[in-house]
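Contents: one structure, followed by commentary.
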Amino acid sequence: MAGYGGSPVVRGIDLDVRSGEVLGVTGPNGAGKSTLLKAMSGRLRPMEGEVRLGPTPITALSDRERARRLSVIGQGARLEFPFTVREFVAQGRYPHLGPFRNLGPADDRAIRAALAETGMEGRADRRVDLLSGGEAQRAWLARGLCQEAEILLLDEPGSALDASYQAVLCGILRGLAAKGRAVVCVLHELNLAARLCDRLILLEAGRIAAGGEPREVLRSEILGRVYGEEPLVCEVDDGFPVILFPSRKSP
């Protein structure tokens, strides 16, 4: 159970995160998606229960130890400081650096790899406060990848990205999972969730309403119950479900 000011937002959630898979968390606005992610990251202490990294409660880890094992990538908040993209991405290496230690060859390789994976190498010398919204989102993603943590937690990673870069994002995150990382994404775009995730949990009012493979969760009757309106769900030629909610008339 987790929430704010003594009021629970999510409750009764028993969830495991597996290496080598992309786990999606979706649901309507206010369902508790971001609250769950904050609790999983250690930024929000649960009111009941606990979050563990292996056998270790996440609250028992120092900030540096937690950052070495867990990378949290937010919704790409506007960047106001005049760092270059390379300097901003390099901040992802700080958990690996001791006091007064400068970046070394391994850090430089991690920075270059993160820039290349996110298509930001050509913008490495640009100031982050001059980036577009989509570019800023990719800079945040690059910084998170640069941490080289075993678990990635992402809050709406597709926000501000156009369709082509959402496809790139899918490729990046699927590739990380294929290398053994555990990837957890909060997503409100159901069609992106269908293509990206190995497993999906659907939240309703702070509880898990459904869980399983995307085609098991993204069914019209389940979505209709949770969202209040039943969508059309069909499969395209590649086997992924496509979800279409009907247009709503203005009151």
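Selection of helices (runs of 4 or more DSSP H) fully inside region 129-206 by the criterion of at least 3 residues being out of contact with any Leu (no Cβ under 6 Å at 6 or more places or on another chain) and open to solvent by 30 Å² or more (accessible area, probe 1.4 Å) returns 133-146, 163-178. When we screen Arg109, Arg123, Arg127 for residues that are among the charged types (D, E, K, R) and in contact with a Phe, Trp or Tyr (Cβ under 8 Å, 6 or more places away or on another chain), the only hit is Arg127.
Return the residues of region 224-239 that are modelled with pLDDT under 85 and not aliphatic (A, V, I, L, M); say none if nothing qualifies. Passing the criteria: Glu235, Asp237, Asp238, Gly239.
Set side by side, the residues Ala210, Ala194 differ, and just one is more than 30 Å from Glu80 (Cα to Cα) and touching a Phe, Trp or Tyr at 6+ places or on another chain (Cβ under 6 Å), which is Ala194. Does region 218-243 hold any residues that are open to solvent by less than 80 Å² (accessible area, probe 1.4 Å) and in contact with a Ser or Thr (Cβ under 8 Å, 6 or more places away or on another chain), and which are they? Hits for region 218-243 are Pro231, Val233. Name every residue in region 207-225 that is assigned to a helix (DSSP H, G or I) and over 16 Å from Ala193 (Cα atoms), in order of residue number. Across region 207-225, the qualifying residues are Glu221, Gly224, Arg225. For region 68-96, taking the residues that are charged (D, E, K, R) and assigned to a helix (DSSP H, G or I), the one that is least open to solvent (accessible area, probe 1.4 Å) is identified as Arg93.
Right, Leu218: within 14 Å of the chain's Cα centre (by Cα), more than 25 Å from Ala67 (Cβ to Cβ) and either modelled with pLDDT of 90 or more or among the hydrophobic types (A, V, I, L, M, F, W, C) (or both) or not? It is false that Leu218 is within 14 Å of the chain's Cα centre (by Cα), more than 25 Å from Ala67 (Cβ to Cβ) and either modelled with pLDDT of 90 or more or among the hydrophobic types (A, V, I, L, M, F, W, C) (or both). The strands (runs of 3 or more DSSP E) located wholly in region 1-67 that include 3 or more residues which are surrounded by 15 or more Cβ atoms within 10 Å (Cβ to Cβ) occupy 7-10, 22-26.
Residues that are under 19 Å from the mean Cα position of the chain (by Cα), more than 13 Å from Leu145 (Cα to Cα) and at pLDDT below 95 do occur in region 68-76, at least one of them.
The values are calculated or read from the model by the stated rules, or taken from the named source; none is laboratory data. Note that the coordinates shown come from a computational prediction; the quantities given were computed from them, not determined experimentally. Here the Cβ is made from the backbone with ideal geometry for all residues, glycine too, and neighbour counts use every protein chain on show. Keep in mind that these areas ignore ligands, DNA and RNA; they rest on the heavy atoms of the full protein, side chains included. Shrake-Rupley method; radii C 1.70, N 1.55, O 1.52, S 1.80 Å.
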